[in-house]
Each structure stands twice: as C-alpha cells, then as structure tokens.
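The values are calculated or read from the model by the stated rules, or taken from the named source; none is laboratory data. Source: prediction; values computed, not measured. Because the Cβ atoms are built from the backbone with ideal geometry, glycine has one as well, and the counts that use them run over all protein chains shown. These accessible areas exclude ligands, DNA and RNA; they are computed on the full protein's heavy atoms, side chains included. Shrake-Rupley method; radii C 1.70, N 1.55, O 1.52, S 1.80 Å.
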Amino acid sequence: MFRSLHMKLVLIMLLLITSLMTIVGAFLMTNITAFYIDEFYQQMADAFSTDNAAFLSSLRSGAAGEDGAQQIQTVIEANAGALGINFNTRQYYILDGTTGAFLAGSDEEGGSRLSVTPNLLAARNGQVGDESDITASYMDLAYPVKSGDNFFIIYIYDNRETVSDLNGQLFLIIVQALLVGLLISVLLSFLLSKTMITPIEKLTEGAERVAAGDFSSAIQVESSDEIGVLTTTFNDMASVLEETIQAVEHERNKLDTLFLHMADGVVAFAGDGSIVHCNPAASRMLESDVEHLDYDRIFGAIIPLEELKKLQKPNYKKTELHVRGRFLEVSFAPFDQDSGTGILSVIHDVTAQRKNEEMRKEFVANVSHELRTPLTNVRSYAETLRDTDDIPAETANSFLDIIIGETDRMTHIVGDLLTLSRLDSGRADMKMLRFHFGEAIGSVCRAVELEAQRHGHTLIRDYSTEELPMIVGDRDRLEQVMMNVIGNAIKYTPDGGTIRVTAGSLKDQVWMEVSDNGIGIPRSDWDRIFDRFYRVDKARSRESGGTGLGLSIAREIVQRHGGTIGLTEHEGPGTTVRIVLPIRQDSVAEVSHET
C-alpha cells in the first residue's frame with residue numbers, strides 16, 4: 001500500500017505534522033516544568049536570603065527557646081505567603097536537626113513518613129539543601145536553623161501537582177491541535193499528490209506500452225515544467241529504443257544462426273553481465289538454463305567481470321570450470337572494442353582429457369608408492385647376497401624367501417591394479433548368471449575355514465542356506481568380495497577371536513554381514529576405508545600383506561551389481577561390514593549358473 005507515490009506523500013505529511021507537534025509539546029512541557037522548578041527555588045532563595053534578615057532573625061530567636069519548634073512554626077505561618085505555602089500542594093515541616101524526626105508542620109501525617117532526600121541530608125550536615133532535580137516528582141528545600149544547642153531543619157516540600165495538572169491540560173490541547181493538523185495535512189496531501197501523480201501515471205502507462213513492444217503512441221506533453229521535460233525525453237528515448245531493438249534483433253539473428261550448430265559452447269555477455277547470446281551447447285555443458293542467469297552466477301566466482309572488461313584485443317583469459325563431473329575449459333575475450341564491456345566466452349569440454357590425465361597421475365603415484373617398499377627390500381637382500389661371499393646357506397635361503405615374498409606382493413599389487421583398471425574402463429565384463437546366494441557364502445566360508453583355524457578363530461555361520469534366495473550376478477566376482485571381507489576379519493582380529501557371518505533377504509534384496517571382535521576401525525576412517533591404497537594402520541596392513549586395494553575392488557564389484565557395501569554400527573570391539581545386493585538385475589536374462 002505504501003509503495004504508491006500518493007500514499008507516500010500522505011504519510012510524509014502525517015509524519016511531519018506528528019513530529020512537529022510532538023517536538024513542540026515536549027519542548028513546552030519540559031520548559032513549563034523547568035519554569036516551575038526555577039520559580040520554586042528562586043522563591044525559596046528570596047525568602048531565606050541574607051536580605052530578608054528580619055525573617056532569619058525571627059527563626060533563630062524562635063529556635064533559641066525551649067519550645068523552639070512551635071515558635072519557628074509561628075514564624076513560618078506568619079510568612080506562609082512569601083514561602084508559597086498553600087497547605088495543599090506545598091507543605092512545611094520542622095524537623096529535629098540531629099535525628100530528622102518530625103516536630104511540627106502543616107501536614108503532621110506526611111511529616112511522619114517523610115523520605116530522606118539529598119537536600120535533607122545536606123541540611124543535617126549543616127548546609128542549605130536547595131539542589132533541584134527535574135526528573136524528581138517533587139520540589140524541596142531544607143534549611144538548617146541553629147541557635148545555641150538547639151538544631152532544627154525547616155523543610156519545604158512541594159509535590160508538583162500544579163505542574164502535573166498544567167502539563168495534562170497542555171497535553172490535551174496539543175493532542176487536539178494534532179488531530180486538526182492531521183486532518184488538514186491529509187486534505188492538502190491528497191490535493192498535492194493528485195497534481196503530481198496524474199502526469200506520472202501517464203508516463204507509467206507509456207512505459208508499460210514500450211515495455212510490451214508498442215512504440216507507436218507518444219505521450220502528450222501538457223506542461224513545460226520538469227514533468228513536461230521528462231515526458232518529452234521519454235518520447236525521444238522510446239524512438240531511439242525502437243531503432244536500437246531492431247538493430248539488436250538483426251545482429252542476434254545472425255549470431256544465433258552461427259552459434260546454433262557449434263560443438264563448443266558460446267556465451268556472450270553484455271557489460272552489465274546479462275547474457276546476449278547463448279548456444280545450446282553451452283546449456284548442455286553447464287547443465288542449466290543459462291539464458292536465465294547472468295555472468296556473476298555462472299563465472300563470477302572464477303574471474304570477476306570487471307577484470308575481463310580491462311582486457312584489450314588480442315589479449316584473452318583462460319580458466320577451467322568443474323560442473324557436475326565435467327571439466328570445462330573456458331576462454332574469455334572482449335568483443336566490444338569501443339566500450340570494452342562486451343565479453344565472449346567459449347566453453348570446451350575437456351572432461352575426457354582431464355580424467356585420463358588424473359587416472360594416469362593417480363596410477364603412477366600409487367604404483368610408485370606401493371612398489372617402492374618391496375623393490376627396496378628386493379634390492380637390499382639381493383645386494384647382500386651378491387656382496388657377501390661367506391653368507392650361511394640358511395640365511396641365504398631366508399633372504400631368497402623374502403625376495404620371493406616381496407615379488408609375490410608386487411605381483412599381487414599389479415594384479416589388483418589391473419583389475420581396478422578393467423573395472424574403471426568398463427572392460428571387466430560381468431557374467432550375470434543365476435545362482436544361490438547361500439551356497440556362494442558357504443563356499444567362501446569353507447575356503448577360509450582352515451585359515452581361521454590357524455589363527456585360533458571361531459567362524460560362526462549365523463544364517464540358513466535354505467531361506468536365502470537365488471540371485472542374478474557374477475558369482476566369481478561376488479565370492480571375491482566375500483572372500484576379501486571375511487579375509488580381512490581373519491587378518492585383523494587377534495588370534496582366538498570370533499568371526500560371525502550372517503545373511504538374509506528383505507523384499508527384493510539380499511544382505512550379508514561379517515562381524516568380528518578384532519582391532520576395529522575408528523569412526524573417522526569409515527568414509528575413506530574403501531578408497532584406493534587407504535589403510536587405517538599402514539604398518540599392520542603391510543605386515544599382513546595387504547595392498548589397500550581389496551576393499552576398493554570389492555566396492556567397484558558391488559556397485560556394478562547395483563548394491564552397496566559399508567560399515568555399520570557394532571557393539572563392543574571389532575567391525576561389522578554389510579553387503580546389500582539386488583536379487584534381480586535389470587535387463588539381464590536370468591540364466592542358471594549351471595547352464
């Protein structure tokens with residue numbers, strides 16, 4: 001509602017009148033309060049000043065008598081007019097100067113419950129208490145009177161009720177004036193806004209027509225003031241805009257034809273970052289509706305637009321963008337040499353090259369790292385055998401066994417790497433056949449049973465073969481996964497441990513879990529345990545002959561079957577690995593394993 005100019009003018013006028021009356025009212029009420037306070041203390045100062053010697057002398061003479069309080073009361077009542085005492089809003093009290101107790105006064109009931117004010121404290125210390133406080137709800141004066149051994153305090157107290165009543169009346173007057181002023185301001189603002197808004201509404205209608213592409217109607221100029229000049233300028237702008245749009249459409253048609261069939265993506269940006277041209281290849285590479293975005297949302301995080309605007313031909317900038325697994329090489333160059341604001345970006349998909357490069361780097365780094373230790377061992381023991389003439393035969397055979405073992409280890413690493421390479425490249429064909437899931441688990445358990453017994457482990461089969469269904473998959477590959485998982489449980493469980501294999505089915509899936517009470521895997525390593533060459537305990541893994549590739553191969557095989565493999569929560573020490581596989585494979589004929 002307050003977005004219209006009409007309502008804004010009304011609101012401004014209302015706020016102006018309200019603010020003005022509030023400030024005036026606050027100023028008047030504050031000054032009236034200050035006036036009454038100043039008047040009170042000036043009146044007190046005149047009454048108790050040294051110029052009024054007769055009054056002060058009478059007070060001291062009265063204080064000298066045995067009934068000093070009554071005599072002082074008589075003197076004060078005789079001068080009540082000069083002190084402004086009206087026995088209603090302004091009272092006087094005669095107090096004991098030492099204890100502050102009430103002795104006499106115009107308000108005996110109020111005197112018995114007087115509060116100790118700063119002025120009273122000053123008077124009890126022998127000083128005149130005449131400090132004013134505009135924030136207090138009262139005005140007071142405490143005047144000490146000493147005569148001989150007698151010490152009294154004359155306390156004048158005004159509850160400021162007169163000031164409050166006057167301020168209340170003044171506030172009522174201000175509110176009435178405010179209401180009248182608001183009514184007048186509303187009427188004036190309506191008249192003023194009508195005069196200003198009518199030509200603006202016509203301009204708005206004309207702008208809406210231009211925005212809709214209608215340049216045929218010009219707005220009539222009805223005045224020569226600023227709004228009339230604005231109307232004339234708007235008509236000229238609409239004419240120029242029509243010609244510009246026609247030229248832009250002509251150029252866009254040519255560029256669209258050129259860009260439409262390009263294999264590389266092309267996006268042209270205007271100086272403000274908006275998109276001028278975009279071919280289908282760019283939307284396809286960036287995987288988004290690029291035409292509805294701008295430069296900052298597409299490339300702003302890589303190179304600021306202002307930096308590209310500073311480029312001069314033939315200079316250009318090249319960068320790389322990663323979009324949902326794609327590696328895109330993007331080149332930027334200015335195409336509007338006159339203003340230097342137009343930016344053309346050419347997008348080239350280099351995903352295949354980057355992936356091949358990353359795979360090559362990763363392969364070289366991992367193989368170099370994994371083969372370094374066995375090669376070093378082979379070289380060390382071989383050099384020892386070569387350089388030592390009188391080495392005992394038993395020691396020499398031990399060295400040769402180590403060399404053979406390290407060679408086998410390298411062979412195992414190379415074999416695992418080749419398997420992963422075939423899986424990555426898609427050359428490792430899966431022989432999807434129908435076989436019994438329970439029989440496959442039993443075959444693997446029988447194969448590792450002797451190894452488990454050698455370590456003193458108890459291998460528990462907690463499943464029923466008859467209750468497990470037939471599934472479709474590559475039995476040899478899946479048995480390789482099971483063998484790896486159960487083998488790891490045997491390797492990394494201290495001798496005398498317990499290995500439990502459980503399995504079951506649920507709807508269209510089968511599952512298998514391998515639990516042990518071994519050394520376990522820290523929760524922080526769960527997300528990385530299936531990464532290639534990753535080991536939780538590198539020294540222990542190398543001692544047991546592990547390559548760090550077994551679980552990576554297992555994950556690749558399981559994923560190729562549309563299943564999952566991961567760690568699950570385990571009570572007590574040890575680890576639980578869970579494998580979940582679909583019973584059927586899409587688009588795969590269910591051929592029996594025997595066939």
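Can you tell me which residues in the range 265-313 are touching a residue at least 24 places away in the same chain (Cβ under 8 Å), in contact with a Lys or Arg (Cβ under 9 Å, 6 or more places away or on another chain), more than 23 Å from residue 326 (Cβ to Cβ) and not small (Gly, Ala, Ser)? If the condition is that a residue be touching a residue at least 24 places away in the same chain (Cβ under 8 Å), in contact with a Lys or Arg (Cβ under 9 Å, 6 or more places away or on another chain), more than 23 Å from residue 326 (Cβ to Cβ) and not small (Gly, Ala, Ser), then 276, 311 are the ones that fit.
Determine if the range 550-558 includes at least one residue that is open to solvent by 60 Å² or more (accessible area, probe 1.4 Å), in contact with a strand residue (DSSP E or B) (Cβ under 7 Å, 6 or more places away or on another chain), at pLDDT below 90 and part of a helix (DSSP H, G or I). Yes, the range 550-558 contains a residue that is open to solvent by 60 Å² or more (accessible area, probe 1.4 Å), in contact with a strand residue (DSSP E or B) (Cβ under 7 Å, 6 or more places away or on another chain), at pLDDT below 90 and part of a helix (DSSP H, G or I).
Of all residues in the range 580-595, at least one satisfies being of a type outside the set (A, V, I, L, M, F, W, C), assigned to a strand (DSSP E or B) and modelled with pLDDT of 85 or more.
Would you please list the contacts, defined by Cβ atoms under 8 Å and residues six or more apart or on different chains, that run from a residue in the range 18-38 that is closer than 23 Å to residue 140 by Cα to a residue that is hydrophobic (A, V, I, L, M, F, W, C) and at pLDDT 85 or above? Pairs found: 36/139; 37/139. Here are the criteria: (1) open to solvent by less than 40 Å² (accessible area, probe 1.4 Å); (2) touching an Asp or Glu at 6+ places or on another chain (Cβ under 8 Å); (3) of a type in the set (A, V, I, L, M, F, W, C). Tell me which single one residue 69 does not satisfy. Result: residue 69 fails condition (2) only. Among residues of the range 464-490 that are among the basic types (Lys, Arg), those with a Cβ under 7 angstrom from a residue that is open to solvent by less than 10 Å² (accessible area, probe 1.4 Å) and in a helix (DSSP H, G or I), sequence gap 6+ or separate chain, pair up as 475/440; 477/557. Scanning the range 53-66 for residues that are in contact (Cβ under 8 Å) with a residue 12 or more places away in the chain and within 18 Å of residue 155 (Cβ to Cβ), we see that the one that is most open to solvent (accessible area, probe 1.4 Å) is 60. Does residue 14 satisfy being hydrophobic (A, V, I, L, M, F, W, C), under 30 Å from residue 180 (Cβ atoms) and part of a helix (DSSP H, G or I)? Yes, satisfied. Looking only at the range 541-548, decide whether some residue is crowded, with 19+ Cβ neighbours inside 10 Å, under 17 Å from residue 566 (Cα atoms) and modelled with pLDDT under 75. Yes. Taken over the range 222-239, residues that are among the aliphatic types (A, V, I, L, M) and touching a residue at least 12 places away in the same chain (Cβ under 8 Å) amount to 3. When residue 266 is tested against (1) part of a loop (DSSP other than H, G, I, E, B); (2) touching a Cys at 6+ places or on another chain (Cβ under 9 Å), exactly one condition is not met: (1). Selection of the range 399-419 for residues being open to solvent by 40 Å² or more (accessible area, probe 1.4 Å) and modelled with pLDDT under 75 yields 408, 412, 414, 418.
Please go through the range 440-472 and pick out each residue that is open to solvent by 40 Å² or more (accessible area, probe 1.4 Å), closer than 18 Å to residue 498 by Cβ, part of a helix (DSSP H, G or I) and touching a helix residue (DSSP H, G or I) at 6+ places or on another chain (Cβ under 7 Å). Listed by number, the list holds a single entry, 451.
Within the range 214-235, is even one residue at pLDDT below 80, surrounded by fewer than 13 Cβ atoms within 10 Å (Cβ to Cβ) and assigned to a helix (DSSP H, G or I)? Yes: one or more hits. Residues that are under 60 Å from the mean Cα position of the chain (by Cα) and in contact (Cβ under 8 Å) with a residue 12 or more places away in the chain number at least 2 in the following helices (runs of 4 or more DSSP H) confined to the range 77-190: 118-124.
Taking the criterion of being without any contact (Cβ under 8 Å) to a residue 40 or more places away in the chain, surrounded by fewer than 18 Cβ atoms within 10 Å (Cβ to Cβ) and part of a loop (DSSP other than H, G, I, E, B), the residues of the range 491-534 that qualify are 494, 507, 522, 531, 534.
Being open to solvent by less than 90 Å² (accessible area, probe 1.4 Å), among the hydroxyl-bearing types (Ser, Thr, Tyr) and at pLDDT below 80 is a property that holds for residue 373.
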